Amino acid sequence: MKTIDREKAIVGLLVVPAVASMLFFFYGFSGWNLFLSFTDWQGFVPSNRLVGFDNYLTLFRDPLFWTSLKNNFLLIALFVPGVMLVGLLLAILLDQRVKGEGAFRTIYLLPFSLSFVVTATLWAWMYSPKMGTINVLLDKLGLDFLKSGWITDPNLVMYCITAALIWQFAGYSTVIFLAGLRSIPESQIKAAQVDGASVYTIYRRVVIPQLKAPFVTSFIIFMCFALKAFDFIWVLTRGGPGYSSHILGVTMYKETFGLEKFAYGATYATVILLVSLLIVVPFLYKVYAKEEK
Amino acid sequence: MSRVQSRRVLVYLLLLSFAGLALLPLWSGVVTALKSSKEVVLSTPLTPPMRPTFAPLIEALDYLKRPLVNSLVLVGAGTIVSCFFGSILGYLFSKYRFKGSNLLFLLVVICLYIPPQVQLIPMTRVMSNVGLYGKLGALVLLYMFFGIPMCTFVFKTLYEEIPTSYIRAAMVDGAGIWTTYRRVILPLSVIPFVIAALLQVTIIWNDYLWGLVLTRGMANMPVTVALANLKGSFVGAWNLQMAGSIWVALPTLIIFVFLGKYIIRGYAGI
């Protein structure tokens, strides 16, 4: 009995710091950030003076907040369905018993291995108006009427960012959908083939309806990413030109560390957190807490 | 050509064009990094260099060498500590169900989705209070603990595949919870450790925001922050920017090319 107790103590000694640090760094910090959003902390000296909902009232009257929110919604509305569709398409193509499937999958996944700082630098070169890859390519193909300022054009910059992010995440999306496709029993598809169903019908009626799990997973992952995105846009455009590519994460960073409005920055962060939790928690609860009953 | 054959051709054409799209920015980056500044202006971004030169790569490496070492330190410390704790927690969550264990595990998983923005300001404050603000040590400390939820999740998922009967057999033999971990679980943990470690290495190596906020000066900053600075200070020097990108991209590219199947197993679970 005694050794058993000693063993429990060893495990306890290891578990306690791990769990405590997790609670502190994730939940403690989130709570602390929430608290800071109710203070008037500006400038270098921290302040804990409570000002109620003042920061939130300022936020809702701040045109920059609405611009950032609008840009963020645009990003979500284009990026999330975009990356899911490309991923589904690539997964279906890879599922056709192709030669070199592994090589294709690796190539598609390569952009996802890179830091956003690297991809932003690569795409700065792609989109460079003067001699960047895309404009030069359009020139060569005789499509020079399509040449444009890309990320220097306030009307195009969010679309340019979305396209590059779809490029970066398409491989990840493909992996999720491919795992889903592979989990469908082959007998079902065989049965449909025997019944004389066309390829299109098989996908429409048999395959796609069974991909609910990968659809939900990828939706949650990409949605959360688009809400908290910062690195790629910051390195590529600094939120510019003007405010045209400010999204919530970018504005939060500028307000906090550029203008030293710490309490106000905490308010932005709280909004990002609340929206993320609203999307994620119901889903996660369903997946992980259900079995308890 | 029959219909089936033409469909095959279409499939391959599509696969190849998407592969081309995926590789296009990388190709453009590599060929540009091998050109002199003069050739960058005179040639297109896609043509291979007429006179390849390693000068930009050497110059970029000289600029990035200290931050590269910093990032290695971060990756080492963060990966080892997170994996160790993650393995133990994953073991407990997968093999010892107790009242509320699902709920506690839910709390672990939610951590993966908490946006980093909420941690920035408290993090800055804590690090200034303990005198680590601006230093590499601040990041070392944070990466050691911030990877724990992710590692716990990965280990828990993979340990589910180990039959519970192994655990019961060890218990019957009188092994306690710690001996069972050491004698039964750890020897079966090579693949889980590889998967979790590769995930941590890529995540920490590629991270940017925390380094941007918490570190000051070349002696402290991770390589991603240094690359962003390089991009900001050498505007127009595309060959140098691409050369810097290659150095930062190389380790994770190698991991994905040669150990991609482990990475995929890790990401497929999340």
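Does region B:55-269 classify as rounded, prolate or oblate by the C-alpha gyration tensor (a ≥ b ≥ c root eigenvalues; a/c under 1.5 gives rounded; else a/b over b/c gives prolate, otherwise oblate)?
On the way: a/c = 2.75, a/b = 1.88, b/c = 1.46.
The shape class here is prolate.
Using a simple spin-label model with pseudo-atoms 7 Å out from Cα toward Cβ, residue B:194 and residue A:213 lie 2.4 nm apart. The phi-based Karplus calculation (6.51 cos²θ - 1.76 cosθ + 1.60; θ = phi - 60°) puts the 3J(HN,Hα) values of region B:234-251 at 10, 4, x, 7, 4, 5, 5, 4, 5, 4, x, 4, 4, 4, 6, 6, 3, x Hz, whole numbers, x for Gly and Pro.
What is region A:31-125's relative contact order, in percent, from Cα pairs under 8 angstrom and six or more apart in sequence?
Numbers: 28 pairs, mean separation 10.5, N = 95.
Worked out over region A:31-125, it gives 11 percent.
Across region A:268-284, coupling constants 3J(HN,Hα) worked out from phi with the 6.51/-1.76/1.60 Karplus curve, θ = phi - 60°, read 4, 4, 4, 4, 4, 4, 4, 5, 4, 5, 4, 7, 7, 4, x, 5, 5 Hz, and Gly and Pro carry x.
Summing -39500 (n - 2.57) over the DSSP H runs of n ≥ 4 in chain A and dividing by its residue number, what mean residue ellipticity at 222 nm do you reach, to the nearest 500 deg cm²/dmol? All intermediate terms of the calculation are to be shown ahead of the outcome.
Details: 13 runs with 186 residues, N = 293.
Estimated from H runs of four or more residues: -20500 deg cm²/dmol.
The alpha-carbon of residue B:38 sits under 26 angstrom from the alpha-carbons of these lysines, leaving out residues fewer than 8 places away in its chain: A:130, A:140, A:147, B:65, B:231.
Of the chymotrypsin sites (Phe, Trp or Tyr not before Pro) found in region B:69-127, those that fall in a DSSP loop while having at most 12 other beta-carbon atoms within 10 Å are B:96, B:98. Separation of region A:60-111 and region B:74-122, taken as the distance between their Cα centroids, equals 27 angstrom. Lys/Arg Cβ at +1, Asp/Glu Cβ at -1, dipole of chain B taken about the Cα centre: which of B:54, B:138, B:258 is farthest positive-ward? Toward the positive end, the furthest listed residue is B:258. Across region A:178-267, the mean sequence separation of Cα contacts (distance under 8 Å, 6 or more residues apart), normalised by length, yields a relative contact order of 17 percent. Which loop trypsin sites (Lys or Arg not before Pro) in region B:52-107, with loop taken from DSSP, have no more than 15 other Cβ atoms within 10 angstrom of their Cβ? Hits after loop and neighbour filter: B:97, B:99.
When only the Cβ of Lys, Arg, Asp and Glu is charged (+1, +1, -1, -1), the dipole of region B:1-142 relative to its Cα centre reaches about 460 debye. Highest GNM mean-square fluctuation among B:142, B:16, B:92, for chain B modelled with Cα contacts below 10 Å: B:16. Since only A:65, A:210, A:121 are under comparison, the one whose Cα sits farthest along the positive direction of the charge dipole of chain A, derived from C-beta charges on Lys, Arg, Asp and Glu, is A:210.
Along the axis of the charge dipole computed for the protein assembly as shown (Cβ charges of +1 for Lys and Arg, -1 for Asp and Glu, origin at the Cα centre), the listed residues A:45, B:199, A:166 are led at the positive end by B:199. The H on the amide N of residue A:39, modeled in the peptide plane, is under 5 Å from the matching H of A:51, each at least 5 residues off or on a different chain. Only the Cβ atoms of Lys and Arg (+1) and of Asp and Glu (-1) were treated as charged; on that basis the dipole of the protein assembly as shown about its Cα centre amounts to roughly 860 debye.
As I understand it, the value is the acute angle between the Cα axis of helix B:101-111 and the longest principal axis of the Cα atoms of chain B; what does it come to in degrees, rounded to 10? Roughly 20 degrees between the two axes. The dipole here belongs to chain B: it is taken about the Cα centre, uses +1 on the Cβ of Lys and Arg and -1 on the Cβ of Asp and Glu, and is about 380 debye.
Put a dot 7 Å past the Cα of residue B:50, heading toward its Cβ, do the same for residue A:186, and the two dots end up 5.5 nm apart. Take the Cβ atoms of residue A:159 and residue A:89, set R0 to 22 Å, and the FRET efficiency comes out at 0.65. Residues B:218, B:150, arranged from fewest to most other Cβ atoms within 10 angstrom of their Cβ, appear as B:218, B:150. Of A:231, B:173, the sequence from fewest to most neighbouring Cβ atoms within 10 angstrom is B:173, A:231.
Can you give the FRET efficiency for residue B:161 and residue A:24, using 1/(1 + (r/R0)^6), R0 = 45 Å, r = Cβ-Cβ distance, to the nearest 0.05? All intermediate terms of the calculation are to be shown ahead of the outcome.
On the way: r = 31 Å, r/R0 = 0.70.
FRET efficiency, residue B:161 to residue A:24: 0.90.
Per residue of B:16-27, count partner chain C-beta atoms within 10 Å of its C-beta, then hand back the mean as an integer.
Details: counts 2, 0, 11, 8, 1, 6, 13, 4, 6, 14, 7, 1.
Shielding by partners across B:16-27 averages 6.
The trypsin sites (Lys or Arg not before Pro) of region A:25-111 that DSSP puts in a loop, and whose beta carbon has at most 16 other beta carbons within 10 Å, are A:49, A:97, A:99.
Residues A:175, A:86 in ascending order of nearby Cβ atoms (within 10 Å, fewest first): A:86, A:175. So what's the gap between the Cα centers of region A:140-163 and region B:198-243, to the nearest angstrom? Value for the Cα centre distance between the two parts: 26 Å.
Only the coordinates and a few stated rules stand behind these numbers; no lab work does. Here the structure is a predicted model, which is why all the values come from computation and not from measurement. For neighbour counting, all protein chains shown are included, and Cβ atoms are generated from backbone atoms with ideal geometry for every residue, glycine included.
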